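Worksheet: one structure, shown below.
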């Protein structure tokens, strides 16, 4: 079994006000930078074999202190990005409710097959994430592997591991910059530990 240490990036200003980021490239705020530092200290003694990250700034800025400390390269991939929210990116849920109530309702229902204009459906996102992480794990000679990514990606991996339906409410918190441990074996994920504070 390959161990995956999967981490959501540190906080951004858009996280703080619950503005949809998606593929929009938003940097960490001061709190996020501090969180990345604490995460680095917590993971410094882990025998991490490789570091993978989303190619968006908030994930790279979270991964970089760990990569520098461990003297490992960061292998980036757009497949590890957050869900593409298309026309909804940059908006808060109340703003979406006001300007586009039909899209707000689709979000509220967690409609798995609704494609956001200019974006992607939850089901497409799910398969993108699961396929990408499975490929990373299959290609690894050893673990643990560190994957620095986004809240939605963690949600999809947790759903894959537990069988939780795409239209169900989240069953666990996904805080910024905490440690989640997932095992991978023969195409399946197993949650081993969740939301460990660094």
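Only the coordinates and a few stated rules stand behind these numbers; no lab work does. Quick caveat: nothing in here was measured; it's all calculated off a predicted structure. Please note: Cβ atoms are built from the backbone with ideal geometry, for glycine as well, and neighbour counts cover all protein chains shown.
Key figures
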quantity: Peptides 76-83, 182-189 ordered by average Cβ neighbours within 10 Å, highest first; calculated: 76-83, 182-189
quantity: Fewest-first sequence of 179, 96, 87 by Cβ atoms within 10 Å of each Cβ; calculated: 87, 179, 96
quantity: Distance between the stretch 53-86 and the stretch 6-46 - C-alpha centres, whole angstrom; calculated: 11 Å
quantity: Gaussian network model of the chain, springs between alpha carbon atoms under 10 Å - residue of 63, 137, 53 with greatest fluctuation; calculated: 137
quantity: Of every Cα-Cα pair in the stretch 2-196, the percent that sits beyond 31 Å; calculated: 14 percent
quantity: Antiparallel DSSP beta bridges within the chain, as percent of all bridges there, nearest 5; calculated: 50 percent
quantity: Cα-based Rg of the stretch 39-81 normalised by 2.2 N^0.38 Å, two decimals; calculated: 1.09
quantity: Mean separation of Cα contacts under 8 Å (6+ apart) over length of the stretch 1-109, as relative contact order %; calculated: 31 percent
quantity: Normalised contact order of the stretch 2-196, rounded percent, pairs of Cα under 8 Å and 6 or more residues apart; calculated: 33 percent
